[in-house]
Structures are given as C-alpha cells and as structure tokens.
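A quick write-up on the structure given underneath.
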Amino acid sequence: MAILQAYTNLIPITLLQGVIYAFVALGIMIPFRLLSFPDLTAEGSFPLGASVTAAVLAAGAGPVSATALAIAAGFVAGASTALIHRVFRLNTLLCGILVVTMLYSIDIRIMGKPNIPMFTYDDLFSIFLGNWSRSLGARIALVSAIAIICTTALYCFLKTEMGLALRAVGASQSMARAQGLSTSYYVILGIGIAGALSALGGSILAQNQSFADVNMGFGVLVNGLASLIVGEQLIGRQTLARQLTAPLVGAVVYYQVVSFALALGMQPSDLKLLTGLFVLALLGLPLLRSRRTPSDALV
Amino acid sequence: MLALDGLHKTFHQGTPDRRAALDGVSLALRPGDFAVVIGGNGAGKSTLLNAIAGEVMPDEGSVSVDGVDVTRKPTHLRAAWIARVFQDPLAGTAGTLTVAENLSIAERRGRRSGLRWGLNAENRKRYQQRVAALGLGMESRLDQKVGSLSGGQRQSLALAMAVLTSPKLLLLDEHCAALDPKTAELVMKETVRAVDSEKLTALMVTHNMQHAIEFGNRLIMMMAGRVVYQAEGAEKAALTIEHLVKRFHITSDRMVLG
C-alpha cells in the first residue's frame with residue numbers, strides 16, 4: 001500500500017515530466033522514423049535549448065522570446081548535424097556525436113558558466129498561468145497544450161507539398177531525386193525541425209525547474225527512444241496521425257512506468273542501465289529473430 | 001530532344017580496377033523517338049542511363065535535353081525534363097506514402113514544393129481516374145501506403161508517376177526485369193500506350209530481346225562503353241531475334257576474346 005501511495009503521490013510531477021519529455025520523443029521520431037537518418041543530436045539540442053533560454057532570460061528578455069530563440073538554436077544544431085553529414089558523408093551518428101560534443105562548450109559559452117538558476121526571472125508558466133503558475137495541474141495543462149499545438153502543426157506540415165517531399169526523401173532517396181527533390185535540403189530541414197523540438201523540450205524543462213545546466217541532456221536520447229518505442233507499441237505507426245501521437249503517449253506512459261519502478265524500490269542510478277537494456281531488447285530482438293544464420297549477426 | 005556528345009566515363013581511375021564504362025558515346029534522339037538500348041553485362045547501358053539522369057557525372061562530353069545543356073546539373077535539377085522508372089519498384093516509389101501522395105509528388109516533378117496541401121479534393125479525383133485506368137484494382141487503394149502494394153502494382157504506379165506530366169524524356173531502366181512475366185507484359189503494354197498517346201521521347205534499357213525487337217523505332221546496341229550498332233525505321237522493323245542473338249553472340253565472343 002505504501003508503495004502505491006508513494007507512486008500516486010508522484011503522479012502529477014511525473015505526468016508533467018512526461019509531457020515535457022514528449023517534445024524530445026517527438027524530435028527523435030523525425031530522424032528515426034520519417035527520414036531514416038539515425039541521429040542523436042537531441043542529446044545536445046536539449047541542453048542547448050535550456051542554455052539559450054536561461055541566458056536570454058538572464059539578459060533581461062521575456063520568456064516568449066527566450067523560448068523562441070531556444071527553438072531557433074535547436075534548429076541550427078540539428079541542421080548542422082545534417083549539413084555535416086551531407087558535406088562530408090560521415091556516418092550520421094558520428095555527425096551527431098561531433099555536434100553534441102561541440103555544443104557542450106557552446107552551452108557554457110552561451111551561459112557564461114555551466115549552469116544558471118532562473119528563480120528570479122519570469123517564465124512561460126508565470127506569464128501564461130499568473131496566479132496558477134505554482135499549480136502542477138495548470139502546468140501540465142499548459143505544457144500539454146503546447147505539445148498538442150506542436151504535434152498538430154507538424155502533422156499539418158507533413159501533409160503539405162513540402163511535408164510530402166520530406167517524407168518521400170526519408171522513404172526513398174532515389175525516388176526523391178528522380179522527382180526533382182533536393183534530398184540535402186529536406187534532410188537538413190527535417191533534422192533541423194527535430195532539433196528545434198528537442199530544444200523546446202529543454203527550454204520548457206529549464207523553465208519548469210527554474211534551472212539550466214549544461215549536463216541536463218545526459219541520457220535524454222535513450223529515454224526519448226524508449227518513449228517512442230513504448231508509444232509505437234501502444235498506438236502503432238500505420239498512419240501519420242498514429243506515428244505522431246505515439247511519441248506523446250509513449251513519453252507520458254514511459255515516465256509513469258519509471259516512476260512506478262522507482263516506487264517499487266529501484267535505485268535511480270540503475271535507471272539508465274535498465275532503460276538501455278529495454279531499448280536494446282525492443283530494437284534488437286526483432287532484428288535478431290530475422291537473421292537466418294548466426295554468422296550474419298557479426299556483420 | 002536528347003543529345004549526347006562524346007561521353008566518357010571511367011570508374012576507379014588510376015587503379016588496377018580502372019574500367020571505361022563509357023568510351024565516347026554520342027547519340028541524338030529526335031522528339032518522339034523510342035530508343036531501346038541493349039548490350040551485355042558491362043556494356044555501359046546503366047552508366048549511359050545514369051549519365052543522362054544525372055546520377056553519374058561524365059569525365060568528358062555533354063548531355064543536353066531539349067536544347068538545354070544539363071551536363072553539370074545533379075539529378076534533381078534535371079527532373080523538370082527527365083522522368084525515370086527504375087528496375088526496382090521500391091526505388092521509384094515512396095513506400096511510406098500513400099498512392100495519392102506519391103502521385104502528388106510526381107505531378108510536381110521538377111517544380112517547387114510549397115506549403116499548400118499536397119492533396120485536395122480536385123487532385124485526388126484526378127489521381128483516382130489515373131489509377132483506375134491502370135486496371136489493377138488500385139482505385140480503391142488511393143489512401144493505402146504504397147508499401148502494401150505488390151511489386152507489379154508498385155511498378156505500374158511508378159510508370160504512371162513518370163508519365164503523369166508528359167516528361168521531355170522518359171528513361172526506362174530495365175523496368176520490367178524484376179516483374180513476373182505476366183505483370184511485365186502488362187507494364188510494357190502500358191508503357192507503349194503512354195509513350196504513343198503522349199508522343200513521348202523515351203530511352204529504354206532492356207535485357208529482353210523480344211521487347212527490343214517488338215518495341216520502339218530505334219535500337220541501340222552497346223559494347224564496352226561504345227555504341228556498336230544502331231538500327232531504325234525499316235531496318236529496325238526487319239530485325240528478328242535470331243538476327244539479334246547472332247549479333248549478340250558475336251559481340252560477346254569478341255568481348256571474351258578481345
């Protein structure tokens with residue numbers, strides 16, 4: 001009973017956490033599912049979003065412009081990864097690692113130090129929620145509204161001519177080229193949008209906890225992947241609407257599961273190991289099953 | 001319509017694997033020409049097609065389409081003039097998009113994409129009729145993902161996409177080779193119908209001798225990166241498989257002995 005109590009008490013907090021990380025899951029879905037461009041820039045664009053938000057707020061600007069600049073910075077980070085890949089033809093994951101590593105220094109440059117407390121500044125919650133800004137329910141509602149707006153906007157975009165083109169580039173580059181689509185343009189655009197979403201997640205998290213830290217991106221990629229996979233198991237990915245809803249639902253469910261596991265007594269420091277094994281199992285087992293001979297597995 | 005002038009392309013230049021895939025190919029297609037390219041493995045057919053499409057940049061020579069020099073243009077900038085059907089049905093269509101969405105992209109081939117809806121009531125209706133005309137029972141599958149279609153349906157769709165907006169030049173890259181014989185005949189029939197009714201200029205690479213004899217007004221035989229035989233008009237019409245096989249054997253013997 002005490003376990004259940006400990007879990008239910010935490011539901012509002014973990015629900016808010018889940019909705020915030022939904023942006024990262026959505027951002028990860030684009031490269032992995034729409035563009036066939038395995039990318040881990042999210043690990044860097046997430047703290048970048050937080051850093052830019054904190055620095056802009058510290059400089060005296062309002063939270064809306066701080067969030068907007070965080071989104072723009074995330075777009076540039078994602079686009080850089082894609083651009084490096086298109087120019088040098090390096091492996092996409094290596095391009096992401098390079099960008100994430102460089103962003104660490106850039107974040108500290110932006111903030112002037114490794115972290116910034118933001119307790120004294122206005123944030124999205126205080127200006128949109130006013131007196132309700134301390135209420136977890138109101139915060140959940142606001143972040144959910146932003147998440148739904150972003151998902152809907154992304155859905156609409158993917159149904160436009162440009163959106164179809166972007167998805168075609170992900171499906172078949174030879175087809176896309178033959179139809180006159182610049183694959184570089186759409187890959188850069190798509191990975192840019194993904195970076196923007198992750199940065200928005202970082203920005204909102206920083207504003208929620210009134211604290212930005214250069215290390216806050218550690219592990220977000222694997223958590224986001226886990227969320228995406230959970231969501232796809234529950235919602236499916238047969239249609240575009242399902243594919244876009246899956247990361248949202250997945251993030252919310254995933255963080256509830258994690259919270260429950262912690263309530264059961266799991267060590268928080270074991271979380272990354274277990275999440276990693278979980279992602280490995282869900283991604284790896286189907287691949288293992290589809291291989292005919294053991295020797296194939298080594299290739 | 002298509003003019004190739006002295007195309008050279010050598011792969012693995014400066015290594016022991018050096019291979020001249022195109023060794024001075026010049027060719028001119030007139031508007032309405034339907035040229036069929038045949039030749040053994042390594043004859044340079046694919047490289048020729050890729051050089052025209054923009055996937056391969058020639059070391060020397062030029063490619064122009066409808067009077068425009070496109071030699072230095074990448075594939076996607078040639079798409080305004082050139083449509084291509086690949087051998088692999090998966091290569092020419094986007095499996096995660098629906099039939100209608102694929103057609104929408106094809107209809108805007110070589111044009112800018114904007115933020116208008118990709119599909120609307122008006123273009124959907126047109127695609128519906130297009131797809132119905134293929135006679136493969138796909139008219140009810142307009143909103144299904146192309147990945148759920150059979151290889152034959154997918155290739156018919158790829159062909160429909162290529163000819164949707166009457167390209168200046170249609171490239172057919174052994175587009176029936178990966179299909180079962182019955183579907184191959186169906187797709188070939190549809191190809192001829194489209195080329196004739198839209199008066200398209202087409203270049204088809206094939207391994208199928210019967211197709212080479214039966215279709216097109218020009219025949220081009222390649223060997224070791226060169227055009228070694230051309231026939232058109234009455235000469236082409238008088239060709240028989242036996243005649244061609246004989247020539248093929250001579251050329252491949254020559255390749256082996258030479």
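Derivation of every value follows stated rules applied to the coordinates shown; laboratory data play no part. Quick caveat: nothing in here was measured; it's all calculated off a predicted structure. Neighbour counts are summed over all protein chains in view; Cβ atoms, including those assigned to glycine, are modelled from backbone coordinates with ideal geometry.
A few points about this structure:
- Charges were assigned to the Cβ only: +1 to each Lys and Arg, -1 to each Asp and Glu. The resulting dipole of region A:133-247 about its Cα centre is roughly 180 debye.
- FRET efficiency, 1/(1 + (r/R0)^6) with R0 45 Å, evaluated for B:SER166 and A:PHE218 via beta carbons: 0.20
- Inter-chain Cβ neighbour average for residues B:92-102, partner chain, 10 Å: 6
- Contact order for region B:18-121, expressed relative to its length and based on alpha carbon pairs under 8 Å spaced 6+ residues apart, stands at 17 percent.
- Gained length - B:GLN13 relative to B:ARG30, 0.36 nm times residue gap less alpha-carbon distance: 2.8 nm
- GNM result for chain A, Cα springs below 10 Å: residue of A:LEU225, A:LEU197, A:LEU158 fluctuating most strongly: A:LEU158
- Label-to-label distance, A:LEU273 versus B:LYS182, with points set 7 angstrom from Cα along the beta-carbon direction: 5.9 nm.
- Whole-Hz Karplus values for region A:76-90 come out as 4, 4, x, 4, 5, 4, 5, 5, 4, 5, 5, 7, 9, 6, 6 Hz, taken residue by residue from phi with 6.51 cos²θ - 1.76 cosθ + 1.60 and θ = phi - 60°; glycine and proline positions read x.
- When chain A is described by a simple charge dipole with +1 on each Lys and Arg Cβ and -1 on each Asp and Glu Cβ, the residue from A:LEU280, A:ILE110, A:LEU48 located farthest towards its positive end is A:LEU280.
- The region of chain A that goes longest without hitting one of the trypsin sites (Lys or Arg not before Pro) in a DSSP loop, each with at most 15 other Cβ atoms within 10 Å, is A:90-290.
- Packing-based exposure ordering (other Cβ within 10 Å, fewest first) of A:ILE108, A:ILE28: A:ILE108, A:ILE28
- Using 0.36 nm per residue and subtracting the Cα-Cα separation, the extra length available between A:CYS156 and A:LEU288 on full extension is 43.9 nm.
- Using the Cβ-Cβ distance between A:ASN9 and B:SER150 with R0 set to 41 Å, the FRET efficiency works out to roughly 0.15.
- The modelled label-to-label distance for the pair A:ALA281/B:GLU242, using points 7 Å beyond Cα in the direction of Cβ, is 7.0 nm.
- Pairs exceeding a 19 Å alpha-carbon distance, out of B:LYS145/B:LYS168; B:LYS9/B:LYS73; B:LYS9/B:LYS45; A:LYS159/B:LYS125: B:LYS145/B:LYS168.
- A Förster radius of 30 Å, combined with the Cβ-Cβ distance separating B:ALA121 from A:VAL257, puts the computed FRET efficiency at roughly 0.10.
- Near B:GLY95, no amide H atom lies under 5 Å from its own; only residues 5 or more places off or on other chains count, and H is placed 1.01 Å from N.
- For region B:44-105, trypsin sites (Lys or Arg not before Pro) are listed when DSSP marks them as loop and at most 13 other Cβ atoms sit within 10 Å of their Cβ; the list is B:ARG72.
- Here the simple spin-label model places points 7 Å from the Cα toward Cβ, and for A:ILE148 and B:ALA234 these points are separated by 7.8 nm.
- Value of relative contact order over region B:119-244, rounded to a whole percent, pairs C-alpha under 8 Å and six or more apart: 17
- Chain lengthening between B:GLN210 and B:LEU77 when straightened (0.36 nm per residue, less Cα-Cα): 44.5 nm
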